Amino acid sequence: MAQSYKIKKQSAADLVCEKMKELILQKEWAVGSKIPSELELAESFGVNRLTVRIALQRLHTLGLLDIRVGDGTYVRPFDLGGHLEELSDFYVNGKTVQDVVEFRLVMELPCVRMAVQRRTEEELEQFEALCHRFQAELVQHYACEDPEEARRYFLATVDTSVELHMALCRMAHNDLITYSFSVAREPMRRHMQHNASRRIHERLDQSHTNTWVRCWMELARGLRERNEELATEMLQRIIDS
């Protein structure tokens, strides 16, 4: 029997969608700018408004366009992390969460070595600010008498921990590493929350620090002094804790 080599026809909506993506990629439609109306686009592409609407909806689903009812359509900055967070329920499971430790050892330790050499002063200041925010949230958590409010601050410390790890990977200035962490962000958050819930009994000392706070502060010092050994040791302790 002869093998089939049927060519799939592209619909008008597919073609319009591809052309719109091209306009965004080439920055003819800049991030934050308002694009032409449905009617104007239909006239430009020589198609009907329904075809344009379908193409716009696809790009909206991809997170490239922001459709504002009564105002128009705007080009959005692409946010891979936010996009993956919405899809995380489809790929995060028990095994994925268990894989986090291996992922962090394989990816984060080499990453911190690059961060020591490549970080900018602005990135370091942002990282140090996150360290202080993490400490402040822990102080608030332990000071709360209301269990619900205490849990809210606890979850805030988990989110800030994730932000610290993401900030660290961005300091490596390697886009593929950043994309990898975007995929792993939600499994990491769940893994950290589980571990932190078992260690939260370790209260702060008189200087408002505990093991976690000290490790993050020392890691920041390692980055500032470009001390690869110190930064790596502190990150290893954070991963192991």
Plugging the Kirkwood radius over Cα pairs into Stokes-Einstein for the range 12-75, at a temperature of 10 °C and a viscosity of 1.306 mPa s, what D comes out in µm²/s? 138
Using the Kirkwood formula over every pair of different C-alpha atoms, what hydrodynamic radius in Å results for the range 106-167? 12.9
Could you size up the charge dipole of the range 12-75 around its Cα centre, putting +1 on the beta carbon of Lys and Arg and -1 on that of Asp and Glu, and report it in debye to the nearest 20? 120
1/(1 + (r/R0)^6) with r = Cβ-Cβ of ARG221 and LEU62, R0 = 35 Å, i.e. FRET efficiency to nearest 0.05, evaluates to 0.25
Using the beta-carbon distance between LEU109 and PHE78 and R0 = 30 Å, what value does 1/(1 + (r/R0)^6) give for FRET efficiency, to the nearest 0.05? 0.55
Can you figure out the FRET efficiency of THR120 with LEU25, using R₀ = 35 Å and their beta-carbon distance, to the nearest 0.05? 0.85
Return HIS132, HIS165 ranked ascending by Cβ neighbour count within 10 Å, so the fewest neighbours appear first. HIS132, HIS165
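Every number here is computed from the coordinates shown, using simple stated rules; none is lab data. Since this is a predicted model, take the numbers as computed values, not measurements. Backbone-built Cβ (ideal geometry, glycine too); neighbour counts: all protein chains shown.
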